[in-house]
Each structure stands twice: as C-alpha cells, then as structure tokens.
Amino acid sequence: MDLTALTTREIERMSRQIRPGEWAVEKERPISTLLGSCVAVCLYDTAVPIAGMNHFMLPRMRRPHPASRDILLAGEACMAALLEALLEQGASKSRLQAKAFGGGCVVDIALKETGSIGKLNTDFTREWLLRENIPLTASDFLGPWSRKVLLVPPSGAVYCKRQVSSMINAEVLQREEQVYTASLRSQQQGRTPSHG
Amino acid sequence: MDKRYAFSRIAAEVNAGAMTFPTSAGHAMKLRSELDNPNCQIETAARLIRAEPLLCARIVAMSNAIAFNHSGRNTSDVHTAITRLGFRTVRTLAVAHITRQLASGSGTPGCKAMAEQLWEHTAHVASLAHLIARRVTHVDPEAALFAGIVHAIGGFYLLSLAASAPGLLAGDRTDWLETGRSEVGRAVLGVLNAPANVLEAVEAYWEGYLTIPPRSLGDTLLLADELAPVASPFSLSGSLKPGEDGAPSLDMVIGKETLTAILEDSRSDVESLITGLMA
C-alpha cells in the first residue's frame with residue numbers, strides 16, 4: 001500500500017496506537033501516540049522498511065534512591081526493549097536513526113512540575129541516543145502543547161501535530177500519564193514496561 | 001455565548017457575500033484585480049500603487065529587502081520596485097495590505113494591540129515561509145510568501161468584528177483554534193479568491209500535522225508558523241519565549257545541514273523581509 005498517498009487522518013485511523021509505557025515495531029502499519037510531558041522516540045532503519053516507536057516518562061520522584069534509579073531503569077528498559085525488538089526483526093543498529101518528540105507542559109497550573117518532567121525526559125532521550133550512537137535527525141521538544149505523533153514505518157516519515165488541548169482533554173491526558181507514573185512507582189523491582 | 005455557533009454564522013455570512021472591506025483596502029483590491037489581467041501594464045499598476053501611500057511605501061520597502069534587491073542599491077521609485085519584485089509579488093503585497101487593513105479599524109486598544117501582534121506574527125511567518133521554501137522544502141517561494149500572508153486572515157477578520165461583538169474575543173481561545181479559524185478563514189480566502197495551492201497549504205496548517213522532514217507547501221507554512229518568534233495573539237504559546245525554561249525546541253537534519261544552522265545563516269535575509277512587511 002502506498003502510504004504516502006494517504007492523508008494524515010487516514011494514516012491516523014489505520015495506525016496502531018501506543019500508550020504510556022508501551023512500544024511497538026512494525027514493517028508497514030503506521031504507529032501513533034498522544035503525548036503530554038512523556039517522550040516518544042521513533043527509531044527507523046534507513047535501508048530496511050522497519051521502524052518502531054515507544055512512549056515513556058521518567059517521573060520526578062519525591063524519594064531519592066533507590067526509587068529514582070529504578071525509574072531511570074524503566075526509561076532505559078523502554079528504550080532497550082524498542083531497540084532489541086527492532087534488531088530481532090531485522091534492523092541493523094548501525095543504520096538506525098531517531099526522531100523524538102514530547103516533553104510538553106499541557107496544563108498551565110502544573111507548568112512548573114510538568115515542565116521539569118518534560119526537560120528530564122528530553123535530556124534523558126538525548127543522552128541515551130548519544131550513548132548508543134544513534135543519530136537524532138529530528139526533534140520537537142517542550143513547549144505548552146500536547147502532541148500527536150504518527151510514524152510511517154516503510155519510509156520512517158513522521159508527522160507531528162502540536163495540539164492546543166482544551167482543559168478537559170489536557171486533564172484526561174495528564175491523568176493517563178499519572179496512572180502510568182503510579183504504575184512505575186509500584187514497579188520498584190525494575191520490571192520492564194508492557195508492549196503491545 | 002456559544003462561540004462555535006457564532007464563528008459558523010460569521011463564516012456563513014461571509015460566504016453569502018456580507019463581507020465588507022475598509023476603504024483603505026480599496027486601492028489594493030483594485031490593484032489585485034488589475035494584476036490578474038494578463039495584459040496589465042506596469043504603468044497602470046504603478047498608478048494604482050501611487051494612489052495609496054501606505055501600500056506604495058510597503059511595496060518600495062519590500063523591493064529593498066535582500067531577497068529581491070540583488071544589486072544592493074535601495075530604491076524609492078515605484079516603477080523600479082515593481083520591476084524588481086515582479087507582478088506576482090506585488091499581487092501578494094496587495095493582499096498583505098488588504099489583510100493588514102482588515103483589522104485597522106479594530107475598536108479598543110486591546111483589539112488594536114492584538115491586530116498589531118497578529119501582523120507582526122504574520123510578517124515573521126511569511127518571511128520564514130519564503131526562506132524555508134527556498135532552502136528546505138524547495139517549493140515555490142512566492143506561493144509560500146502568499147500562504148504566510150493569508151494564513152491568519154480569519155483572525156484579522158474576527159478582530160475587525162470585535163467592536164460590534166466583543167464577546168467573540170473574550171475568554172478561552174480553544175473554540176477559535178479548533179473550529180473558528182478554519183471556518184472563518186476558509187470563507188475569507190474564498191472571497192479573496194486565493195489560489196488552490198495556497199488554500200491547500202492553509203488547510204494543512206489548520207490540520208496541524210508537520211511532516212518530518214517537511215516536503216509540501218503546507219509543511220513550509222506550518223514549520224514557519226512553529227518557528228515564528230512572535231506568537232499569534234490567538235495562540236497559547238505566547239507565554240514561553242525561546243531560551244526560557246520549557247520553551248519549545250524544534251530541529252531537524254536537512255541534507256548536510258540542520259534547520260537551526262540554515263536559519264542562523266539566513267537571519268539577515270529573513271529580517272530584511274520582515275522589515276519590508278512591517279513597513
């Protein structure tokens with residue numbers, strides 16, 4: 001199927017949607033996600049039509065160690081799981097490139113806290129990609145928006161929509177991320193996040 | 001006030017032919033129509049431009065911008081300015097004048113300030129779109145300039161109505177951003193008989209999905225809007241400036257360069273276009 005001929009609405013409709021803490025790898029079907037202060041990293045092989053996306057957050061912990069270390073490991077786990085899934089399905093690490101999005105502040109009243117979480121997530125993303133020697137070819141980080149991201153695996157093309165959320169939508173999004181945060185806090189043993 | 005209903009009604013009234021232009025935009029409307037005529041003579045265009053001093057000043061200023069002034073010699077002569085710019089750009093500048101004049105009679109100081117900010121935002125978006133078309137997406141730069149000029153035209157029209165219906169601008173802008181700007185904007189662009197490729201680009205801007213890497217005229221416009229350092233008064237992003245904590249950071253690899261490097265390299269080019277449009 002020629003996905004380049006489709007509108008973004010059609011791509012969004014046929015996409016596999018991932019939620020906080022999840023990742024997906026596909027050869028053809030588009031992958032989508034909705035981000036608040038979380039980050040989504042899209043990894044794609046420049047020679048083979050395969051790509052994947054994850055959606056993670058490193059929530060700020062009130063208690064220092066060892067919980068914060070475990071949360072960092074959760075971010076590491078989410079990135080490592082995406083990378084491993086891609087390699088298992090035929091991608092080559094030396095050909096991988098990344099596009100990353102998110103870290104927004106979607107609710108004004110929580111600007112200070114979500115802002116710092118967004119920064120934490122984007123800094124982690126840059127550091128992880130640098131450490132793994134995977135070039136970051138595009139990024140759209142921070143700002144006062146939620147974002148919808150669509151990844152089209154055969155080409156590695158990404159569509160990113162900065163969204164002005166109504167207060168209700170922003171609160172729904174924030175609640176979803178808080179549920180994810182709570183689940184990470186309960187996984188103090190460093191279990192890997194779920195994947196679709 | 002049910003704002004979504006009010007915006008739909010405004011769009012319906014425009015579609016029904018109820019839109020009026022301020023008299024100051026009259027010469028620009030006439031000039032624009034004249035330039036649609038393939039037999040238009042340069043002297044006819046110059047005469048119409050001279051009849052409207054503000055438009056005249058803007059066209060001359062734009063012809064001195066780096067992107068058009070390849071000799072580096074400034075001019076104050078309308079005839080030379082038209083020759084430099086070409087009829088297509090003069091036509092775009094006529095539409096820019098109409099757009100700007102739409103909200104010139106906005107009532108309260110608050111509305112006037114919004115109209116000023118919206119024009120400043122428009123000047124940045126149009127200038128960046130012209131640059132991005134040339135250096136990044138390789139689409140028609142003239143069409144990109146035009147799309148930038150008219151991308152927020154619905155907002156100018158809304159401001160022109162604010163004196164008679166102040167409730168339209170009160171409170172939350174979500175209804176405007178989600179439905180109003182596209183309904184009203186589409187109707188006004190129909191009245192202005194905007195070209196099909198520009199309409200398609202503005203529709204892509206309203207839809208909001210930026211392709212990465214950017215390719216189309218719509219991507220060009222959307223990227224210019226996202227990079228513009230002056231936010232539209234209708235947007236929610238005005239509270240964060242570049243460099244502040246949490247301010248947006250957008251970059252991508254374009255060939256062997258980065259978008260940031262291209263923008264830095266072309267800063268004076270873009271600034272001179274902005275100066276021309278702000279004249």
Express in nm, to one decimal, how much length is gained between B:Ser216 and B:Glu142 on full extension, taking 0.36 nm for each residue of separation and deducting their alpha carbon distance. 25.3 nm
In the range A:121-144, accessible area falls by at least 10 Å² from chain alone to full assembly (1.4 Å probe) for A:Arg126, A:Thr137, A:Ala138, A:Ser139, A:Asp140, A:Phe141, A:Leu142, A:Gly143, A:Pro144
Given the convex hull over the Cα atoms of the range B:83-178, what projected area results after averaging over all orientations, in nm²? 7.0
Where labels lie 7 Å past Cα in the beta-carbon direction, separation of B:Ser104 and B:Ser164 in nm: 1.9
Descending packing, highest mean Cβ count within 10 Å first, for B:87-93, B:267-273 is B:87-93, B:267-273
Given unit charges at Cβ for Lys, Arg (+) and Asp, Glu (-), the dipole magnitude of chain B about its Cα centre in debye, nearest 20, is 800
Roughly what would the spin-label model give for A:Arg19 and B:Thr179, points 7 Å off Cα along C-beta, in nm? 2.9
For the range A:1-22 the residues that are at least 30 Å² less accessible with all protein chains than alone, 1.4 Å probe, are A:Thr8, A:Arg9
At a 1.4 Å probe radius, which order do A:Val164, B:Val202, B:Val253 fall into by accessible area, largest first? B:Val253, A:Val164, B:Val202
Rounded to whole Å², per residue accessible area for the range B:1-45 with a 1.4 Å probe reads 60
If you count only protein heavy atoms and use a 1.4 Å probe, how large is the accessible surface of B:Cys56, to the nearest 10 Å²? 30
Along the positive direction of the dipole of the range B:27-81 (beta-carbon charges: Lys, Arg +1; Asp, Glu -1; about the Cα centre), which of B:Ala28, B:Met62, B:His79 reaches farthest? B:Met62
Shape verdict for chain B, please, from the Cα gyration tensor: rounded (a/c under 1.5), prolate (a/b greater than b/c) or oblate. oblate
Along each of the three principal axes of the Cα atoms of the range A:115-159, give the extent in whole Å, ordering the values from largest to smallest. 34, 28, 11
Rounded to the nearest 20 debye, dipole of the protein assembly as shown from Cβ charges on Lys, Arg, Asp, Glu: 260
Just the number please: accessible area per residue for the range B:105-161, 1.4 Å probe, all protein chains included, in Å². 26
Given a 1.4 angstrom probe, I'd like the percentage of the accessible area of the range B:25-80 that is carbon and sulfur, rounded to a whole number. 52
Could you give the semi-axes, largest first, of the ellipsoid that matches the range B:23-63, computed as the square roots of 5 times the alpha carbon gyration tensor eigenvalues and rounded to whole Å? 16, 12, 8
Quick check: net charge around A:Gln89, other residues with Cβ under 11 Å of its Cβ, Lys/Arg +1 and Asp/Glu -1? -3
Return the carbon/sulfur percentage of the accessible area of the range B:96-255, one whole number, probe 1.4 Å, all protein chains in place. 55
Would you mind getting me the FRET efficiency between A:Glu88 and A:Glu28? Use the beta-carbon distance for r and R0 = 25 Å, nearest 0.05. 0.90
Taking A:Lys161 as the anchor, which lysines have their alpha carbon closer than 20 Å to its alpha carbon, excluding any fewer than eight residues away along the same chain? A:Lys99, A:Lys119, A:Lys148, B:Lys241
Net charge near B:Ala81 (other residues with Cβ under 13 Å of its Cβ; Lys, Arg +1; Asp, Glu -1) is +3
Could you pull the accessible area for B:Thr80 with a 1.4 Å probe, rounded to 10 Å²? 50
Find the sum over both chains of the accessible area lost when A and B are paired, probe 1.4 Å, and report it in Å² to the nearest 100. 2200
In 20 Å bins starting at 0, how do the alpha-carbon pair distances of the protein assembly as shown split up by percent? 23, 51, 23, 3, 0
How much accessible surface does A:Asp123 have with a 1.4 Å probe, in Å² rounded to 10? 60
Tell me the label-point distance for the pair B:Thr44, B:Lys30, using the 7 Å Cα-to-Cβ offset, in nm and rounded to one decimal. 1.3
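The values are calculated or read from the model by the stated rules, or taken from the named source; none is laboratory data. Nothing here was measured: the structure is a model prediction, and the numbers come from that model. All Cβ positions, even for glycine, are placed from backbone atoms using ideal geometry, and neighbour counts span all protein chains on display. Areas reflect the complete protein model, heavy atoms only, side chains present, ligands, DNA and RNA absent. Shrake-Rupley method; radii C 1.70, N 1.55, O 1.52, S 1.80 Å.
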